[in-house]
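> After the structure tokens below, expect a handful of questions from me.
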Amino acid sequence: MKKKIVMLILCMVVALPACGKSENEEKVREDIHINIVEDINTTEAVQLPDEHLGAAENVHVGEENGIEENKVESIQAEIARVEEKSREHCDIDSSSMGQQEMNYHSAQWYKLWDDELNSLWSRLSDELDEETKAKVLEEQRAWIKRKEGNATTAGIQALGGTLQPLLESGTAAEMTRARVYVLAGYLADVRKESFTVSQEIQESLDAAEPDLDDVFEKFEGQWIFDESRGACVGVERTEMCSYGVEGSDWTIWVTGGDIFTDLDVYGYTENNILFKIPHDDYDSFYELSFGVEQELILTYRTSLSIDAVNDYDVIVCK
């Protein structure tokens, strides 16, 4: 019997911009959902969508001796400016805020980075050659799919509670910030500008999307949920698993139940993995997570909607 112990740490990134009063919880959750869906829809076009992606250039406008002067900002300076705004948001004290206000400010932090992402997209659309543009578009579509899946997976840990919007927007914001640095590097290359990322920032960007293999390793083992019949949930490397599925790296199996793999991953965080299994007339979802006593929990659902979030079955393995 192999059982790995992992500390379950729920990291809540709360960004707090100096802006107006909070919206109600459902409005915040709806805004987050719409934003993610719009990201997906805009990549369905053959070309990068200019109309959705904001201004094509950042320009500082000054006036000296009655003459207006335009100065184009370097990509390095532009990202540093957005990063400074992001730090200002994070430095605001949230200890006196209610959950709804925290959710609202977290959504606004996501918007800060999403707006910058859209602006970079617009300029890349104009300046990339067609071959490179097609490659970046395909890459962006894959990233949007991961962002949506990971945000949903983060939020589902709240089981439909008031914390869910914060978890969703916080994950989306972290991933979008990391993606901004990637696109900024592309644009700097096109313009033959220097663009560097400090080690401290790079480490935080890497943490925004942990390696899936590392997350699977936390759950690796055969976890007993019924000692009388030796029933287990197995999380094993496919090459070492008796039920291994060809073409996969990890296989998850349940005694007398389903078998699924890393190829079925819908989204993940450092604390949980969500799998989507398509059927003819419905989809089923399995979630691997840990409980407060470090027990493995396998949750089964047939819907991820808020209305059905509490409709699930659970296997708890000691």
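Each reported figure results from applying straightforward, stated rules to the coordinates on display, with no laboratory input. Just so you know, these numbers come straight off a predicted model, no measurement behind them. Note: ideal-geometry Cβ built from the backbone for every residue, glycine included; neighbour counts use all protein chains shown.
> With a/c under 1.5 counting as rounded, go ahead and sort region 59-208 into rounded, prolate or oblate using the C-alpha gyration tensor (a ≥ b ≥ c being the square roots of the eigenvalues; past the cut-off, prolate if a/b is larger than b/c, else oblate).
oblate
> I've got another one for you. Take the residue pairs 71/145; 135/192; 85/135; 85/276 and return only those whose Cα atoms are more than 28 Å apart.
Those over the limit are 71/145; 85/135; 85/276.
> Taking the beta-carbon count within 10 Å as an exposure proxy, list 311, 262 from fewest neighbours to most.
Ascending Cβ contact count within 10 Å gives the list 311, 262.
> Also, I was wondering about something else. Among 163, 252, 225, whose Cα lies farthest out toward the positive end of the dipole of region 151-257, if unit charges sit on the beta carbon of Lys, Arg (+1) and Asp, Glu (-1)?
Sorting the options by dipole projection puts first 163.
> For region 167-177, what does the Karplus curve 6.51 cos²θ - 1.76 cosθ + 1.60, with θ = phi - 60°, yield as ³J(HN,Hα) per residue in whole Hz, taken in order and with x for Gly and Pro?
Each residue of region 167-177 in turn: 5, 5, 5, x, 5, 4, 5, 4, 5, 5, 4 Hz.
> Another question, if that's okay. Under a point-charge model restricted to the Cβ atoms of Lys and Arg (+1) and Asp and Glu (-1), what is the dipole moment magnitude of region 212-317 relative to its Cα centre, in debye to the nearest 20?
160 debye
> Each residue of region 137-150 in turn: what ³J(HN,Hα) in whole Hz from Karplus with 6.51, -1.76, 1.60 and θ = phi - 60°, glycine and Pro shown as x?
4, 5, 4, 5, 4, 5, 5, 4, 4, 5, 4, 4, x, 5
> From the square roots a ≥ b ≥ c of the eigenvalues of the alpha-carbon gyration tensor of region 212-317, which class results: rounded (a/c under 1.5), prolate (a/b over b/c), or oblate?
rounded
> Out of the trypsin sites (Lys or Arg not before Pro) in region 174-207, which ones are loop residues according to DSSP with at most 14 other C-beta atoms within 10 Å?
191, 192
> Moving to a separate point now. Can you tell me the order of 267-275, 212-220 when each peptide is scored by its average per-residue count of other Cβ atoms within 10 angstrom, highest first?
267-275, 212-220
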